[in-house]
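Below is one structure, written out as structure tokens; the observations come after it.
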């Protein structure tokens with residue numbers, strides 16, 4: 001149980017970090033914490049996915065080059081982040097599932113509604129419902145972090161429903177995140193002007209693909 005708890009809590013941290021980066025963009029605080037804590041170096045050593053490790057190395061190399069002027073570097077990253085994901089104007093890598101999975105690349109399509117229903121099946125509703133698409137990458141990653149936290153909490157309390165939250169992680173990864181993030185990350189990698197965002201896209205793709213395998217293994221061990 002302790003191993004499973006540590007695994008869930010570690011994944012909650014990673015999903016939460018990714019969610020923040022995609023929802024808000026890189027800021028000086030989070031960049032300074034990465035430098036101070038050596039986070040990217042640790043992840044590069046601990047993760048089994050070569051794509052995750054390469055993404056960490058790519059981010060770390062550029063971050064190290066700018067670590068003495070994080071304010072200027074943050075401004076550079078924000079400009080790239082806005083051009084890719086926010087606008088104004090044409091977005092090189094729109095961060096919504098429906099854009100990559102609907103035939104007409106439209107927001108608020110049936111893919112968005114499917115994600116909304118998945119949230120509702122666990123009692124969650126987007127606080128910006130109808131004003132913000134439910135299938136933004138940051139929201140989907142935030143949901144995965146929440147599922148990890150809920151699963152760990154119920155496991156610690158010896159609740160019988162913790163497996164439902166682990167199964168939910170597998171289902172959401174299989175039916176949603178892994179269905180569109182690989183294509184999206186390719187767009188980010190091809191159009192980003194900073195190595196940090198290229199590395200972040202690599203990390204995200206590698207992490208969700210390897211995580212789907214890990215969750216499947218964890219579920220098999222509980223049978």
If the label point is 7 Å along Cα→Cβ of residue 130, which residues in segment 66-108 have backbone nitrogen under 19 Å from it?
107-108
proj_area_mean for the chain (convex hull on C-alpha atoms), units nm², value 12.5 nm²
Between segment 145-175 and segment 117-135, what is the separation of their alpha carbon centroids in Å?
18 Å
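Here, each number is a calculation from the coordinates, and none is a lab measurement. A quick note: this is a predicted structure, and the numbers were derived from the prediction, not measured. Note that we place each Cβ from the backbone using ideal geometry, even for glycine, and neighbour counts take in every protein chain shown.
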